[in-house]
Amino acid sequence: MNGVNRLSLFITTACIAMFICVNVLKRLEPLAVSALLMEKRILQKQYSSRAGREGRNLFSLNRISGFKSGRNMSTRNYHPLMGHRLGIIGGGLAGLSTAYHILEKSPSTDVTIIDRTAPGTGGASAVAGGLLHPLSPKGKLAYKGFEGLASANQLVEAASRFEDNVVLRNSIYRVAMTEAQAVTFRETAAALPELATWIVPDSAIDMGDDKNRWEEKYFSSEKNVLGTLRLSGDCKVVHMRSYLNGLWSYCESIGSGKKSWVTREDVDSINSNEWKELLADFDCVVFAAGSGLFESSLMNQKDFPINLVRGQSIEMTIDDQIPWNAILCGKYVSPLLESGRVLIGATHEFKETPLTPDEVEVELKERSYHFASEIWDNGTIDRVTCGNRVQTSRGPRGRQPMVGKFETNHHHNSWIFTGLSGRGMLYHGIYGELLSNMILGMKDEDSDLKENKDWWRT
């Protein structure tokens, strides 16, 4: 073979080798990204171990009792937030869910939360009942009930890495006072056996544990109750302050970006120009402050399909050796962190002038005495709590949050997440993930949720 032919053969062979290498590298790229994600998870586990959380597996956040959200991030879409600087106004359920999902998908992002108070201490989220379950007020499965339950449990598990008292109970009792309610609840138990069990007074037998002892005691004291729907599985009672604190701690622990919590007690008095200056350094801003958005100069309530609702609740102490469980029957009784203490709530006030503490007591007692008489007869009122919620207008899928991009003079790249109202625990997870996917330009596999996200614009 002459020199020219040898050179031609060498060039041809080299080109073929380069072509093969390029295609192999393309196939290996997702594996490389997966390796980076695995390295991040290992670092998270090491961080958790140093904090005294050994033996808890951070890899399990996408596996909650068999339910999956179905919208896990594809490694091919893994990329940082353009610009890296995200500002979130509001550190309640909506704001922290957004921060969590952004950091899970874009760990190099710098996240700053601006709020009136420190983590877990203010807003309607901090004084909520913390009842996580997927049912509508009528006892039927709510829109995206399973998906919302699975997503919320991911966040609850993440928060539990840093706070020991996030989950107070692993069951909630939905009380039937009428035959119509009893029929509905029996149907729910038959349709959702993995979550719901129908219990009548005769079936509540003392089996020696606190749950059955409490059921027997409850039926013996509340003679007008026809039965209860025990919600278990992934349903639970969450201590809201511990949860919010734990979720922010988890956000602080992941990724390489900076995390800051800026406390501004003067948010209601900041004018529009000051907001614009305050937010100028961010590449993206999420408005997630609930009622605070409309009680300040940030937004005009008349531009959105919402009402601001004040909810006042009563914290009570009852001398009882058997821990109380959560009860729902229009109003709710929810256990608090301290032994023998419960929260009864909440009022539903639209008027500008709030009810007085005496008026709150009268209303809540009138609306809950029929299913919680022992608490009222033997308990002592400790204090009244208050939180203002954003309640959206009712649509074909019930009351849904407002999520999406919108125009504002405060920032050129503005997004909104508000209107969780009484469904905060169920919906903050899935809508926080939906919003994070929109911000990052990532595909959301739940097409129905995405297609209906703009309902509030009509």
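Brief remarks on what is shown
- Selection status of Leu308, under 23 Å from the mean Cα position of the chain (by Cα), closer than 30 Å to Trp275 by Cα and not in a loop (DSSP other than H, G, I, E, B): yes
- In the range 433-458, the residues that are part of a loop (DSSP other than H, G, I, E, B) and either among the hydroxyl-bearing types (Ser, Thr, Tyr) or over 13 Å from Met402 (Cα atoms) (or both): Gly441, Met442, Lys443, Asp444, Glu445, Asp446, Thr458
- Contact annotation: no residue pair with Cβ atoms under 6 Å, 6 or more positions apart or on different chains, pairs a residue in the range 117-138 that is assigned by TED's automatic domain parsing to the domain that holds Val175 and acidic (Asp, Glu) with a partner that is surrounded by fewer than 24 Cβ atoms within 10 Å (Cβ to Cβ) and at pLDDT 90 or above.
- Residues in the range 224-269 that are in contact with a helix residue (DSSP H, G or I) (Cβ under 7 Å, 6 or more places away or on another chain) and free of Cβ contacts under 8 Å to residues at least 60 places away in the same chain were compared, and the one that is surrounded by the most Cβ atoms within 10 Å (Cβ to Cβ) is Gly227.
- Failed criterion for Leu298 (all others in (1) assigned to a loop (DSSP other than H, G, I, E, B); (2) farther than 20 Å from Val390 by Cβ hold): (2)
- Residues of the range 439-458 satisfying the condition of being more than 20 Å from Gly290 (Cα to Cα) and aliphatic (A, V, I, L, M): Leu440, Met442, Leu449
- Qualifying residue in the range 198-217 (condition: within 23 Å of Ile430 (Cα to Cα) and more than 14 Å from the chain's Cα centre (by Cα)): no
- Strands (runs of 3 or more DSSP E) completely within the range 377-432 that count 2 or more residues being under 17 Å from Tyr332 (Cβ atoms): 379-392
- Residues that are part of a loop (DSSP other than H, G, I, E, B) and crowded, with 18+ Cβ neighbours inside 10 Å, drawn from the range 283-294: Ala288, Ala289, Phe294
- Positions within the range 194-205 being acidic (Asp, Glu) and modelled with pLDDT under 90, in sequence order: Asp202
- Residues (surrounded by fewer than 20 Cβ atoms within 10 Å (Cβ to Cβ) and either part of a loop (DSSP other than H, G, I, E, B) or in contact (Cβ under 8 Å) with a residue 40 or more places away in the chain (or both)) located in the range 190-205: Ala191, Leu192, Pro193, Glu194, Val200, Ile205
- Which numbered condition Val333 misses (of (1) touching a residue at least 60 places away in the same chain (Cβ under 8 Å); (2) in a strand (DSSP E or B); (3) surrounded by 22 or more Cβ atoms within 10 Å (Cβ to Cβ)): (1)
- Pick from the range 105-133, criterion surrounded by fewer than 23 Cβ atoms within 10 Å (Cβ to Cβ) and in a helix (DSSP H, G or I), ranking: nearest to the chain's Cα centre (by Cα): Ala126
- Residue match in the range 74-86 (condition: among the β-branched types (Val, Ile, Thr), surrounded by fewer than 24 Cβ atoms within 10 Å (Cβ to Cβ) and either modelled with pLDDT of 95 or more or farther than 25 Å from Leu298 by Cα (or both)): yes
The values are calculated or read from the model by the stated rules, or taken from the named source; none is laboratory data. Here the structure is a predicted model, which means the values were calculated and not measured. Please note: Cβ atoms are built from the backbone with ideal geometry, for glycine as well, and neighbour counts cover all protein chains shown.
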